[in-house]
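The values are calculated or read from the model by the stated rules, or taken from the named source; none is laboratory data. Given the structure is predicted, the values throughout are model-derived calculations rather than measurements. Note: ideal-geometry Cβ built from the backbone for every residue, glycine included; neighbour counts use all protein chains shown.
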Amino acid sequence: MKIVYYTSGITGSGRVVTGIAIGNAFRRNGMDKEFTILSSSPFARLADGFHHIKIPVEDENALSPEGYPSSELFKTLQKLAPDVLIVDLQWFTLHHFIRELAGKKILICRQVHDKFFSIPLPGGRLDFDPSRFDLVLATEPFESMVPMRRINPIVIRNRDEILSREDALKKLGLYEGRQNCLFAYNGEPGEYEAIKRKYAHMVDAGYEMLLSTNYSDRGYFPIVDYFNAFDFIISGAGYNAFWEIIYFDKEAVFEPVARTFENQFWRVQECQEYYFDKNGADQLVEIVLKL
């Protein structure tokens, strides 16, 4: 079975991380060699160990009814010919040709505003048509104008896959008995430095601070592997960062920021008590295997 996970990934590392999380779930089922990540992400290096294909960003003209046959996206998907195509949010880039693709199609959707499903373009409004997908899955507990089947949030690791506290402390050069604090942020460029300055006082308060971002080769990835070393986490409230902290039940403070379609403030206000045991990535794999 050939599986392709497709997303954009041009504004941060989050979309590629979701792809890796799904790839890890297929790996747990011995199917990682059949799994491909397709994106335009500058963070493709994070997907080391998985088959990743990078394609250029293409505009509405390239993906229009007249232009899509010569687009890199269409040609690449035709060549890959997946049995199952998992689309992370990017319904609009596929809109004009998804019915030409063989195989099953699944759209996975985190929390977005309803306006995400109706895109104004110079040539006219593009409206989401759920009939073009075999299944639409919500990967967060949100309400939408689009009917969706809900699964748990998708997380990069399962709880039994990360380092013990002793091993995490040793690898990071930290010590038991200190207040170890993680500052991890992977939002849009410029946000990391601004938010880091806000918490500069934590060192004076006695915390041993470790900084990590996927924008730097000196960051730790995946940072969840080291979670057991930390007593406290300062984090953004993007999808992956938030749900990793909830799933691993870490004490944390979140720094939500405004986004065009996503409401990080909703996530922080409404979802901090939403606990779940089964990784949504494993649930997704179970669904794929039953298609």
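Anything in the range 44-72 that is in a loop (DSSP other than H, G, I, E, B) and either within 17 Å of G12 (Cβ to Cβ) or among the polar types (S, T, N, Q) (or both)? List them, or say none. Result: V57, N61, S64, S71. Going through (1) of a type outside the set (K, R); (2) more than 21 Å from V224 (Cβ to Cβ); (3) not in a strand (DSSP E or B) one by one, T36 falls short only on (3).
Count of the range 99-108 residues, restricted to those that are more than 22 Å from the chain's Cα centre (by Cα) and either crowded, with 18+ Cβ neighbours inside 10 Å or of a type outside the set (K, R) (or both), is 4.
Per-residue answers, yes or no, for (1) surrounded by 15 or more Cβ atoms within 10 Å (Cβ to Cβ); (2) under 23 Å from N263 (Cα atoms):
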| residue | (1), (2) |
| --- | --- |
| A47 | yes, no |
| I55 | yes, no |
| T76 | yes, no |
| Q90 | yes, yes |
| H96 | yes, no |
| D114 | no, yes |
| S118 | no, yes |
| D127 | no, yes |
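Remark: pairs (first residue in the range 274-290, surrounded by 15 or more Cβ atoms within 10 Å (Cβ to Cβ); second residue among the β-branched types (V, I, T) and at pLDDT 95 or above; Cβ separation under 6 Å; 6+ apart in sequence or on different chains) = N279/V155; G280/T139; G280/I151; G280/I154; A281/I22; A281/I154; Q283/I151; V288/V84.
Go over the candidates G190, G206 one by one and state the one that is within 26 Å of the chain's Cα centre (by Cα), on the phi > 0 side of the Ramachandran plot and at pLDDT below 90.
Numbers: G206 fails: within 26 Å of the chain's Cα centre (by Cα).
Going through G190, G206 in turn, just one is within 26 Å of the chain's Cα centre (by Cα), on the phi > 0 side of the Ramachandran plot and at pLDDT below 90: G190.
Among the conditions (1) in contact (Cβ under 8 Å) with a residue 60 or more places away in the chain; (2) buried (at least 17 other Cβ atoms within 10 Å of the Cβ), the only one that I234 does not satisfy is (1).
For the condition within 30 Å of D204 (Cβ to Cβ) and hydrophobic (A, V, I, L, M, F, W, C), what is the one hit in L174, L135? Talk me through it step by step, then tell me what you get.
On the way: L135 fails: within 30 Å of D204 (Cβ to Cβ).
Step by step, each of L174, L135 is checked, and only L174 is within 30 Å of D204 (Cβ to Cβ) and hydrophobic (A, V, I, L, M, F, W, C).
The single condition among (1) at negative phi; (2) surrounded by fewer than 23 Cβ atoms within 10 Å (Cβ to Cβ) that G30 does not meet is (1). Within the bounds of the range 205-213, is there any residue that is in a helix (DSSP H, G or I), outside the structural domain of R27 (by TED's automatic domain parsing) and in contact (Cβ under 8 Å) with a residue 12 or more places away in the chain? Within the range 205-213 (the criterion being in a helix (DSSP H, G or I), outside the structural domain of R27 (by TED's automatic domain parsing) and in contact (Cβ under 8 Å) with a residue 12 or more places away in the chain), the answer is no, since none of the residues qualifies. Screening S41 on (1) assigned to a loop (DSSP other than H, G, I, E, B); (2) surrounded by fewer than 22 Cβ atoms within 10 Å (Cβ to Cβ); (3) in contact with a Ser or Thr (Cβ under 8 Å, 6 or more places away or on another chain) shows it passes everything except condition (2).
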